[in-house]
Structures are given as C-alpha cells and as structure tokens.
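The values are calculated or read from the model by the stated rules, or taken from the named source; none is laboratory data. Remember, it's a predicted structure, so these values are computed and weren't measured experimentally. Every residue, glycine as well, gets a Cβ built from its backbone with ideal geometry; the counts of neighbours run over all protein chains shown.
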Amino acid sequence: MASLAQSPQHSLKAFRGSFLDFIDDPFHSSVSESVRYISDGLLILEDGKIKELGAYDVLKDKYAAMPITSYVGRLIMPGFIDTHIHFPQTEIIAAYGEQLLEWLNQYIFPTEGKFSDKAYAQKVASIFLDELLKNGTTTALVFTAVFPVSTDAFFEEASRRNLRMIAGKVMMDRNAPDFLVDTAETSYQDSKALIQKWHKNGRLLYAVTPRFAITSTNEQLRLAGKLLDEFPDVYLHTHISENLNEVAWVKELFPESSGYLDAYDQAGLVRSRSVFAHGIHLTDQELKRLSEAESAIAFCPTSNLFLGSGLFKIEQAKSAEHPVKVGLGTDVGGGTSFSLLQTASEAYKVAQLRQQKLSPFQALFLATLGGARALSLGDTIGNFDPGKEADFVVLDLRSTPLMAFRNPETIATSIDELAEQTFTLMMLGDDRAIEATYIMGEPAYEREAKAQSLST
C-alpha cells in the first residue's frame, strides 16, 4: 500500500481508458441524461484535480507532448463513496448469530473498549483505510469510538494518505457499559475540540456523531444540536429505524416525540448535512420530513440482511414526490464486506425481494455521485467534472476466471453493452476487480504492476 505525500504534485497528468460517471440522477432522469460514458477517453488532471475529460481522438493532439498512463481495456470510474461505516468494528466483522441490540452488547461494545489505547486505534485505522483503498473506496463517513484519541488516530492516518474523509467521536451517555459512556457535557466539549482540530484540516471533515437515540439522553442530543449551530458546516451522523425492537425502545425513551426521527428533530439534528444510517422502518411522514430537510439516508444492505433488520424501501426514498438523498454504506462490522461492488449486489437483491428493480447504473450512481450528494460533496467529488478532486478507481471487468468467462474481451462500445457489463461487475466483482485506486491523481493502491507509461 503506497503512502501519499501531504499535497499532490503540481503538474499535468493524463490517463487513457474507458470512463463511466454520472451527470444526473438515473432514478429521476433517463440513461441518456444521467450516464456519461466514453469508451476510449482521455482524462487530464492538474494539481490533483480534473482539468478535462473527453474522447481520446479529440484530445490527443492537444496533449500530444504528455506521457499517458494507459488503462486501455479497463473501466475508470470516480472513487467509491461509503456513506456509513465503523472503523473500530473492523476486527469484529462477521460475528455470528445476533440481531442488532444483542449484537451490540455481545460483540461491539467490548471491542470498542479497546480504542481508549491510541496506538491500538492507529493500528486498526491503518488496516481499515488500506482495506477501503483496496476496495476502491476513496471517501467514507466514519464512526470512530467514544474516546477522542480514537478520532485523533483515525484522522492522523487519513491525513497521511491525503484522503477525503468525514468522521466523528461517538457520543453515548446511557444504555452502554460504564467503560464506554461519556456525559452530555464531556461529549460536547470533546467534540468541539475535535472539530476545531480536524474539520477542514486538509481534506478532512467532521461529523457530530451520537450513536443512536437509545444511547443518548435528551441533553446530549440537545448539545449535539448546539454543536451544529456553532459549526454549521459540520455533519450529523447517526443511526435511525434499523431494527423493530430498537424503534420500540426509542418510543419508550422519548415519549414526548411522535416517532424516531422526531426525537432527533426536537434536538435540532435534522438538517441538510445530516446522514441517517439504515432508515428501514421509517414512516411515509418521516421520509417526507427528511426530504424537506434535505437530509440523507445511508442504505446498508449487507448489514441489514446480516443482522436480520429488514428490507430498505429504496423506491420510497427515491420517489419523485418526496426524494431523499441516498448513498450506499457498507456498515462494517454489521456489514460483511468493505466492497461497494458487493454492497451494490446486495442492494439489488433487497430491491428484488421487494418486487422492485435496481439497475446497475442506479446502483453505481449511489456508490459515486449519489453518495457525494448525500454527503453534500457533489461539487467536490463524485464525477469527472472539471475542478473536482481526482479520486478515481480503475476496474478490471475480467478480474477473475468467472468474470473473464462472463464478460467479453472488448470493452463496451454502447450504453446497452455497458449496462450488461457493469451489472456483471456488480454481481460478481469484489476487491479483485480493483486494479488501482488513485487519490488526487496519485496511486494509493495498485493490485499488480504499475500501469504502462506511454508517449503519444
């Protein structure tokens, strides 16, 4: 795994390959209006940002003197965006046999207790970030642990790799083991200090992070809202309506609220930069409120299936009447894979179980521009528009014997062929399909030997 310098090289770079990104939402517009595909394209970067993307034949003379990194025969996409994941749960991925509340008590809380040790947190953060890059994920919205040192460790490792990451210290002042709880006031003070230290430090951003309503008192949620007032460009990241027993418990703990979302709303936490993980059991009225507030939902299908939580109603969340911003989340360690390709595969199956369809373009939109918009970063990352940060992934559609048998040797020349090939990628692909991951135009992960450098 390559380490990156603090800043990219100040120079032009060129990459040749097949390029797929999204310029609009395929849930609400046609494929021709939302999908941009260039079967033989040239991507030009300047100072780690997108300068130009176009057909190779059109741009090759303009940049004739430049060396080109060639990925001919490969599909290049914007880096994948994970809208909900827990870095302290890396070591507890694939823990057997429980649903949400029992799983937290049996596996998660004891594991997260280890993260009071900064050296240990740093070790896990390094493994975690390397795993993300290996899977083509370049941005994530991340839970750390209740201990501020766990957040410092995460941000230090992310900064060393020059990553666009969002994270925050967990706030949790009840219904958890004594060794994991803070208080409303200490969570406020610790979070404020971390915001001042890390928010907009390089490419890093901060998320105020109450775990979920069950583990926060009204006062802690109120102080989380106060942080959002004091720092209006930070995020709110929490869970909502994941499990039916959880929903029932929230009703008992917040009798003055009309529902789960209202418990957050009364504390001032439902905003345009708020991301709520799961949302499986949200009511129509709650989805309408999220739409009005321009809040986002992180759809976490591998976790929802693994923990038996339920089937997310994506067609309701993405309805034309009250659309909610939606991104994909791996939710490791409830989720069973760091791969957003595998996550998209499970999202398709969840839709199928609900007698719905999820096209490959819709799923890949959620993993790229849809995720960027869910994180209020649509102007910064998510596609190859000029001026955006050059985080991207190189995909090998024939990376395994089965995928090579299933996909033709030639890259798609039409949108219909592309739909077929990307669906196969989504269903059969995993970290082996990631040939390379680039951060601000610099290689952060390479599966094999470096791409061939050619002169035009």
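Values computed for the structure shown
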item: Contacts under 6 angstrom Cβ, first residue in segment 173-192 being closer than 9 Å to Q220 by Cα, partner hydrophobic (A, V, I, L, M, F, W, C) and surrounded by fewer than 21 Cβ atoms within 10 Å (Cβ to Cβ), 6 or more apart; result: D173/V181; D173/A184
item: Restricting segment 242-270 to residues that are among the charged types (D, E, K, R) and surrounded by 17 or more Cβ atoms within 10 Å (Cβ to Cβ), the residue that is nearest to the chain's Cα centre (by Cα); result: E242
item: Hey, P67 within 20 Å of I434 (Cβ to Cβ) and either of a type outside the set (S, T, N, Q) or in contact with a helix residue (DSSP H, G or I) (Cβ under 6 Å, 6 or more places away or on another chain) (or both) or not; result: no
item: A125 vs. criteria assigned to a loop (DSSP other than H, G, I, E, B) and touching a residue at least 24 places away in the same chain (Cβ under 8 Å); result: no
item: Pair list, Cβ under 7 Å, 6 or more apart: segment 134-156 residue in a helix (DSSP H, G or I), other residue of a type in the set (K, R) and surrounded by fewer than 24 Cβ atoms within 10 Å (Cβ to Cβ); result: V149/K118; D152/K118; A153/K118
item: Residue check, S159 in contact with a Gly (Cβ under 9 Å, 6 or more places away or on another chain), of a type in the set (S, T, N, Q) and part of a helix (DSSP H, G or I); result: yes
item: Any pair with Cβ under 8 angstrom, 6 or more apart, that starts in segment 277-298 at a residue that is closer than 15 Å to N243 by Cβ and ends at one that is of a type in the set (G, A, S) and surrounded by fewer than 21 Cβ atoms within 10 Å (Cβ to Cβ); result: I280/G310; H281/G310
item: Residue among V35, V58 that alone is farther than 30 Å from G202 by Cα, touching a Phe, Trp or Tyr at 6+ places or on another chain (Cβ under 6 Å) and not assigned by TED's automatic domain parsing to the domain that holds K169; result: V35
item: Failed item in (1) at positive phi; (2) within 16 Å of the chain's Cα centre (by Cα), with S295 passing the rest; result: (1)
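Yes/no per residue for (1) touching a Phe, Trp or Tyr at 6+ places or on another chain (Cβ under 8 Å); (2) over 27 Å from K388 (Cα atoms); (3) buried (at least 19 other Cβ atoms within 10 Å of the Cβ):
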| residue | (1), (2), (3) |
| --- | --- |
| N105 | no, yes, no |
| A145 | yes, yes, yes |
| M165 | yes, no, yes |
| M172 | no, yes, yes |
